[in-house]
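J.: Before we start, here is the structure in question, set down as C-alpha cells.
The values are calculated or read from the model by the stated rules, or taken from the named source; none is laboratory data. Here the structure is a predicted model, which is why all the values come from computation and not from measurement. Here the Cβ positions follow ideal geometry from the backbone for every residue, glycine too, while neighbour counts run over all protein chains shown.
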Amino acid sequence: MRKPKAGIARRGRSIQVPRELAGLYRFLGGHLPISESFDLAGFTEARQDYNSYLSDLYNEWFPKARPCADEYIAQWVFRNAVNVNDLKTYEKCILLGLTRSSERIATSVASLWRNHGHTSDAFAVELALLKEVAFEAVLVVDEAYRVVEKRAGSFGWGRRNIVHSWEDFSATRDLLRAHVTAGSLGQFAVRPASVMLLRQALEKRIKYALGVWAVTDGQGNDLRTPGRAFIELLRKAPMGAIELPIPVHSFVRLYKWANRYVHGGQRPHVWEMETALHILRPLFSGATTSGGWSQSGAIRISLSYYAQVPDLLVRMLKRTHDTVKVYRLDHPESEFM
C-alpha cells in the first residue's frame with residue numbers, strides 16, 4: 001500500500017497530504033456555503049476513498065487487532081496519560097475513533113440531504129463539522145505514523161495542538177451571535193454559554209502570557225491547576241512586571257463576573273455579554289511591538305518575573321519541584337520588556 005505523505009510544517013516548503021484525505025476536505029470546502037447543487041454522488045465517492053484509506057492503513061498497521069467496541073476505544077482516547085509501552089494501542093484507538101466519528105457524521109450528512117436538501121440548517125452544520133474532522137484526520141495520521149513507523153511526525157496542514165486564547169475569544173464572539181434553531185431546548189442557553197468560553201479564554205490568556213503550557217505531577221499526570229492561580233500571579237505581580245492594555249482590576253472583575261454564570265448559573269443579559277467583549281477586545285487584538293505587529297503583543301512581561309513563574313506557581317500549589325513540573329511554551333503569548 002502507498003504510504004501516506006505527511007504534512008510539512010516548515011516554512012517555505014510545500015505541504016503534501018494523502019490524496020484520499022485531501023479529496024474529502026476539498027470536496028466539502030467546495031460545497032460550503034450550502035447551495036442547491038450539492039453533488040451527493042461526488043460526496044459518496046470522496047467519502048468512500050477517505051474511509052478506504054483509513055481502513056487500509058489500520059489493517060496494515062494492526063493486522064492482528066480484534067474488533068473494538070466504542071466503550072473500549074473511549075477508555076483509551078480519553079485517558080489522562082498513556083504509558084510509552086501502550087502508545088501503539090492508544091494510536092490504534094485514536095485511528096478507530098476518528099474513522100467511526102467521520103462515518104457517523106457522513107451518514108448524517110447524506111441522510112439530511114436526501115430528506116431535506118439544502119433547506120435544512122442541520123445539514124449545513126453537519127457538513128461543516130465533517131470538514132473540520134477531515135482536516136484533523138491529517139494530524140491523526142501523522143501522529144500515528146510517527147508512533148507506528150517511528151519516524152518524525154509533523155502537523156499536516158499547519159494544524160496545531162494549541163488553541164490560542166485569542167481564538168477562544170473570537171469563538172466567544174461568534175457564539176454570542178450564532179444562529180439558533182427556533183424551538184431548540186438549548187436556545188435559551190446558547191448565548192450565555194459563550195460566557196463559559198470567555199472565562200476559559202481569560203484564564204488561558206494569562207496562563208499562556210506567563211509562558212505556562214501544562215503542569216503535571218511527578219508521574220507525568222496532568223495536575224489540576226485552578227485558573228485563579230494564574231489570575232493571582234497577575235494580581236500579585238510587582239508593579240511594572242506585567243503590562244495589560246486594560247486595567248488589571250477590570251480584567252479581574254470580568255473574570256469573576258464570568259464565574260458567576262459558570263459556577264452559579266446566574267444568566268447574564270445579552271447586552272452585558274456584548275459589553276464584556278467590547279471591554280476585553282484590546283486584550284486579544286495584538287499590538288505593535290519593537291519587532292513589528294504581534295498577535296501576542298497586547299501583554300508585556302518583564303524577563304525577571306517571567307523566569308520566576310515556575311517557582312511562584314509551585315509555591316502557590318503548596319508543592320515542591322520534586323512533585324510538580326511546569327512545562328513552558330516555546331513562544332509565550334506575550335512580549336518581553
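J.: In the stretch 40-58, which residues are without any contact (Cβ under 8 Å) to a residue 12 or more places away in the chain and surrounded by fewer than 12 Cβ atoms within 10 Å (Cβ to Cβ)?
T.: Of everything in the stretch 40-58, just one residue is without any contact (Cβ under 8 Å) to a residue 12 or more places away in the chain and surrounded by fewer than 12 Cβ atoms within 10 Å (Cβ to Cβ), namely 41.
J.: Can you tell which of 109, 84, 133 is in contact (Cβ under 8 Å) with a residue 60 or more places away in the chain and β-branched (Val, Ile, Thr)?
T.: Going through 109, 84, 133 in turn, just one is in contact (Cβ under 8 Å) with a residue 60 or more places away in the chain and β-branched (Val, Ile, Thr): 109.
J.: Oh, and also: Going by the structure shown, is residue 146 crowded, with 16+ Cβ neighbours inside 10 Å, without any contact (Cβ under 8 Å) to a residue 40 or more places away in the chain and basic (Lys, Arg)?
T.: yes
J.: Does the stretch 292-301 contain at least one residue that is closer than 19 Å to residue 169 by Cβ, hydroxyl-bearing (Ser, Thr, Tyr) and either part of a loop (DSSP other than H, G, I, E, B) or under 27 Å from the mean Cα position of the chain (by Cα) (or both)?
T.: Checked the stretch 292-301: at least one residue is closer than 19 Å to residue 169 by Cβ, hydroxyl-bearing (Ser, Thr, Tyr) and either part of a loop (DSSP other than H, G, I, E, B) or under 27 Å from the mean Cα position of the chain (by Cα) (or both).
J.: Identify, by number, the condition in (1) in contact with a Ser or Thr (Cβ under 6 Å, 6 or more places away or on another chain); (2) of a type in the set (S, T, N, Q); (3) modelled with pLDDT of 85 or more that residue 172 doesn't meet.
T.: Just one mismatch for residue 172, condition (3).
J.: In contact with a strand residue (DSSP E or B) (Cβ under 6 Å, 6 or more places away or on another chain) and closer than 22 Å to residue 164 by Cα, is that true of residue 291?
T.: On the way: in contact with a strand residue (DSSP E or B) (Cβ under 6 Å, 6 or more places away or on another chain): no; closer than 22 Å to residue 164 by Cα: yes.
So residue 291 fails the test.
J.: Every residue in the stretch 311-332 that is in a loop (DSSP other than H, G, I, E, B) and in contact with a helix residue (DSSP H, G or I) (Cβ under 8 Å, 6 or more places away or on another chain), please.
T.: The answer is 317, 320, 321, 329, 332.
J.: Right, next: How many residues are surrounded by fewer than 16 Cβ atoms within 10 Å (Cβ to Cβ) and either outside any helix (DSSP H, G or I) or among the aliphatic types (A, V, I, L, M) (or both) when one looks only at the stretch 59-76?
T.: Summing the residues that are surrounded by fewer than 16 Cβ atoms within 10 Å (Cβ to Cβ) and either outside any helix (DSSP H, G or I) or among the aliphatic types (A, V, I, L, M) (or both) in the stretch 59-76 gives 7.
J.: Return the residue satisfying two criteria in turn: it lies in the stretch 288-331 and is touching a residue at least 40 places away in the same chain (Cβ under 8 Å) and basic (Lys, Arg), and of such residues it is nearest to residue 211 (Cα to Cα).
T.: 328
J.: Could you go through the stretch 150-167 and let me know if any residue there is among the aromatic types (Phe, Trp, Tyr), assigned to a helix (DSSP H, G or I) and at pLDDT 80 or above. If you could, list the steps in order and put the result at the bottom.
T.: First, the residues of the stretch 150-167 that are among the aromatic types (Phe, Trp, Tyr): 155, 157, 166.
Filter once more, keeping what is assigned to a helix (DSSP H, G or I): 166.
Right, trim to at pLDDT 80 or above and you get none.
Within the stretch 150-167 (the criterion being among the aromatic types (Phe, Trp, Tyr), assigned to a helix (DSSP H, G or I) and at pLDDT 80 or above), the answer is no, since none of the residues qualifies.
J.: Okay, next question. Hey, could you check the stretch 70-82 for residues that are modelled with pLDDT of 85 or more and of a type outside the set (D, E, K, R) and say which is farthest from the chain's Cα centre (by Cα)?
T.: The residue in question is 72.
J.: Tally the residues that are among the basic types (Lys, Arg), surrounded by 14 or more Cβ atoms within 10 Å (Cβ to Cβ) and part of a loop (DSSP other than H, G, I, E, B), restricting the search to the stretch 228-278.
T.: Residues flagged as among the basic types (Lys, Arg), surrounded by 14 or more Cβ atoms within 10 Å (Cβ to Cβ) and part of a loop (DSSP other than H, G, I, E, B) within the stretch 228-278 amount to 1.
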